[in-house]
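The structure appears below as structure tokens.
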Amino acid sequence: MTVRLCHLDDLPDRGSRGFDPQAAGHDTVFLVRHGRQVWGWVNACPHYGTALAWRKNAYLNAAGDRIVCAAHGALFEVDTGKCTLGPCVGDSLTPVDLQIQEDGTIQMTAQPHSTTTS
Ligand code: FES
């Protein structure tokens with residue numbers, strides 16, 4: 001099963017955006033884009049399981065090169081999801097499997113991994 005999340009053009013370069021594909025009432029996954037690379041992550045910090053963003057779609061640091069947990073400041077690599085600083089160093093975010101169609105449509109599938117457009 002796949003769920004359409006958005007179009008590549010809907011994501012700012014070096015930006016992030018949250019989604020609620022299961023209509024949970026809050027964003028349960030988020031995407032990070034660098035150029036034509038997009039990674040998807042479950043919106044749950046490995047420290048306490050809380051949502052990461054401090055406000056809607058704000059998952060990154062000012063440089064746009066690390067994911068930040070707003071609760072206690074953990075930093076995560078955008079491409080691996082690995083925590084490199086903070087209370088959960090060495091732990092990782094849970095990846096979301098993505099498919100990017102030739103027309104730029106980004107879909108979420110059941111299998112976790114990141115992908116690159118062709
Ligand atoms: S809940 Fe994310 S760093 Fe503590």
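The values are calculated or read from the model by the stated rules, or taken from the named source; none is laboratory data. This structure is a prediction, so every number in the text was calculated from the model and none was measured. Note that each Cβ is placed from the backbone with ideal geometry, even for glycine, and that neighbours are counted across all protein chains shown. Heavy atoms of the whole protein, side chains included, go into the accessibility calculation; ligands, DNA and RNA do not. Shrake-Rupley method; radii C 1.70, N 1.55, O 1.52, S 1.80 Å.
Brief remarks follow.
- Most mobile of G25, G81, G73 in a GNM of the chain (Cα contacts under 10 Å): G25
- Top of A51, A23, A70 by mean-square fluctuation, Gaussian network on the chain, Cα under 10 Å: A23
- The stretch between V3 and T105 holds 35.7 nm of extra length on full extension. This uses 0.36 nm per residue minus the Cα-Cα distance.
- Solvent-accessible surface of the chain, averaged per residue with a 1.4 angstrom probe and all protein chains in place: 52 square angstrom.
- Interchain or long-range residues, amide H under 5 Å from T105's placed H: L8
- Taking 0.36 nm per residue of separation and subtracting the current Cα-Cα distance, fully stretching the chain between T50 and T84 would add 10.5 nm.
- Loop-located trypsin sites (Lys or Arg not before Pro) in the stretch 1-77 (DSSP state other than H, G, I, E, B) with a sparse environment of at most 10 neighbouring Cβ atoms within 10 Å: R55, K56.
- Heavy-atom accessible surface of the stretch 3-116: percent carbon and sulfur, 1.4 Å: 48 percent
- Length gained on full extension, D91 to E77, computed as 0.36 nm times the residue gap minus the Cα-Cα distance: 3.9 nm.
- Taking chymotrypsin sites (Phe, Trp or Tyr not before Pro) as exposed when their DSSP state is a loop state and no more than 16 other Cβ atoms lie within 10 Å, the longest site-free interval of the chain runs over 55-118.
- Here the simple spin-label model places points 7 Å from the Cα toward Cβ, and for R36 and Q22 these points are separated by 3.3 nm.
- Two-site FRET efficiency, D10 against D65, from Cβ-Cβ distance with R₀ of 25 Å, rounded to 0.05: 0.75
- For the chain, convex hull volume per residue from C-alpha positions, Å³: 94 Å³
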